[in-house]
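Shown next, in structure tokens, is the structure this report addresses.
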Amino acid sequence: MGKVIIFNVIRFLVLILLQIALFKNIGYYNLVSFYPYILIIFLLPIGMPNLLLFTLSFLTGLTIDAFYDSLGLHAAACVALALFRIFFHKITLEVDMQESFNTPSLAEMGTKWFLSYVFFGTLVHHFTLFIIETFSFTNFLYTLASIILSSIFTVLTILLMSLLVYRKKSRISNI
Amino acid sequence: MKNLWLFLSRYNAIFWFIIFFVVAIVLVVRNNSYQRASFLNSSNVMVGSFYKQVNSWKSYLALADANEKLTQENVLLRQQVQNMIQANPVVDSVHLVDSIEQGRYAFIIANVANNSIHQKSNYLTLDKGSADGIERGMGVITSNGVVGIVLNTSAHFSSVQSLLHPDTKISVTLDTSKVFGSLVWGGNIDPRFAMVRDIPNHIKVKKGEKVYTSGYSLFPAGIQVGHIVETGITSGESFLDLKIKLTTNFSNLNHVYIVKDLLVKEKQELEATQDNG
């Protein structure tokens, strides 16, 4: 339990640092931008109470907002991601798994589950983020293109990071 | 009551989501100027279009009244025009520049008889010609900008090569640095914009800076041409390309002035001797 909290805190610090120092400066004009910091929210323990999950997501978003000068924008997107996370867990996981305090990581959950988890979650997050950022439906195709392209790059970055820290543990489901 | 609590706790994720999301959106709208502006705008669009609709219905009811007023005004204006024509002969030359330069430039008023802005090479036709002293190569301006250069004249008409023509090149200077470059229409298709070429790379140029004629070519110095809207479009050379918004509105040109440089012969003769020597 204590170990899980410490891991999450370290992950939070490292990913926020990477996001504001590195990924903020990478991008292809306005079209593609990377937001792999959302891995923080993806990897929060499964069985945590909803209120705590929303609060932590909100705070993560606010921290990023503070550095991006866009108060509330990332917070809203992260809250949407948290809601997606709850539904996704409820649909795909068994009841005893839902109660456990495991980290839903690549090693723990298997490639297929983790991939779809990250992919759809990133889509939800980026969709909310870009729609609120442009705040209108004019030029919607351009926004849609940047949502999809950014999602692809964010997912790739997240997968790379997950593979970097991949440690084979007791696998629950076999692919 | 118990059922209500059951309902709330069962769907607590959604309720927490709504609360947090609303808080975040409120933060966005209150603290980010762009979203605030467009939030207010979108509500204004609804209000505005509603009023517009109401107004268009109301205006039908007032049509008879409006017609009556317009006819009365027409009668009045017609009387005034008649009186003026009898009282004053037609004015056909005015002075627009400084008294120092008055001896050098004279201006001839003309009306635009024909105009084009959508071609690749645009020309105008003016309703005065060689009978009024217009000659080939004179500059044409309006009260707030440059129009073009006289190309050909007949007795009562003259054709003008508009600024919106690939061959037109006019010498201009920048407001602060006083360096000179040449104004061309460039690769624009838009009649509101033009390019300033040949400004050296080391010059610091600000957006919004005004651009004036330099006085080296056919036009008197200090006529505003436009202001810079885009800087730093480098053509890969050691010169800057600046995009400027023209002050002249080519789409509704009506009265123009033809610049008659009285000393042009003297200047040309002097420059010709330089070439020979």
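The numbers here are math on the coordinates, done by the rules we state, and not lab data. Keep in mind that this is a model prediction, so the values were computed, not measured. Note that each Cβ is placed from the backbone with ideal geometry, even for glycine, and that neighbours are counted across all protein chains shown.
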Fill in the blank from the handout: Taking Lys and Arg as +1 and Asp and Glu as -1, residues besides residue B:71 with C-beta under 14 Å from its C-beta add up to -1
Practice task
Enumerate the calculated ³J(HN,Hα) couplings along segment A:32-49 in order (Karplus 6.51 cos²θ - 1.76 cosθ + 1.60, θ = phi - 60°), each rounded to whole Hz, writing x wherever the residue is Gly or Pro.
Solution key: 10, 9, 9, 10, x, 4, 5, 4, 3, 6, 4, 9, 5, x, 5, x, 7, x
Practice task
For a footprinting-style exposure proxy, rank A:125, B:156 by other Cβ within 10 Å, fewest first.
Solution key: B:156, A:125
Exercise for the section: Just flag the trypsin sites (Lys or Arg not before Pro) in segment B:119-212 sitting in loop per DSSP whose Cβ has no more than 10 other Cβ atoms within 10 Å. Expected result: B:120, B:178, B:204
Completion exercise
Final fewest-first order of A:28, B:123 on the 10 Å Cβ neighbour count is A:28, B:123
Exercise for the section: Can you pull the one-decimal nm distance between simple spin-label points at residue A:145 and residue B:8, each 7 Å off the Cα toward Cβ? Expected result: 4.8 nm
Completion exercise
Amide H contacts under 5 Å for residue B:151, restricted to residues at least 5 apart in sequence or on another chain and with H modeled in the peptide plane, are B:137, B:159, B:160, B:161
Practice task
Quick one: what are the phi-derived ³J(HN,Hα) couplings along segment A:54-62, Karplus 6.51/-1.76/1.60 with θ = phi - 60°, whole Hz, x for glycine and proline?
Solution key: 4, 4, 5, 4, 4, 5, 4, x, 4
Exercise for the section: Please list, in chain and number order, the residues 5+ apart from residue B:241 or on another chain whose amide H is under 5 Å from its amide H, with Hs placed from the backbone. Expected result: B:232, B:233, B:234, B:235
Exercise for the section: Output ³J(HN,Hα) for segment A:128-140: one whole-Hz value per residue in order, computed from phi by the Karplus curve 6.51 cos²θ - 1.76 cosθ + 1.60 with θ = phi - 60°, and x for Gly and Pro. Expected result: 4, 4, 6, 5, 5, 5, 7, 6, 6, 9, 6, 6, 5
Problem - Mean separation of Cα contacts under 8 Å, 6 or more apart, over the residue count of segment A:52-150: relative contact order % - result: 26 percent
Handout entry: Förster radius 25 Å - calculated FRET efficiency between residue B:203 and residue B:272, Cβ distance, rounded to 0.05
Key = 0.20
Fill in the blank from the handout: Set B:169/B:260; B:58/B:245; A:3/A:112; B:243/B:265, cut-off 29 Å on Cα-Cα distance; pairs above it are B:58/B:245; B:243/B:265
Handout entry: Virtual paramagnetic centre 7 Å along Cα→Cβ of residue B:245, amide N under 15 Å, in segment B:190-204
Key = B:190-195
Fill in the blank from the handout: Candidates A:164, A:144, A:53; GNM for chain A (alpha-carbon contacts under 10 Å) flags as most fluctuating A:164
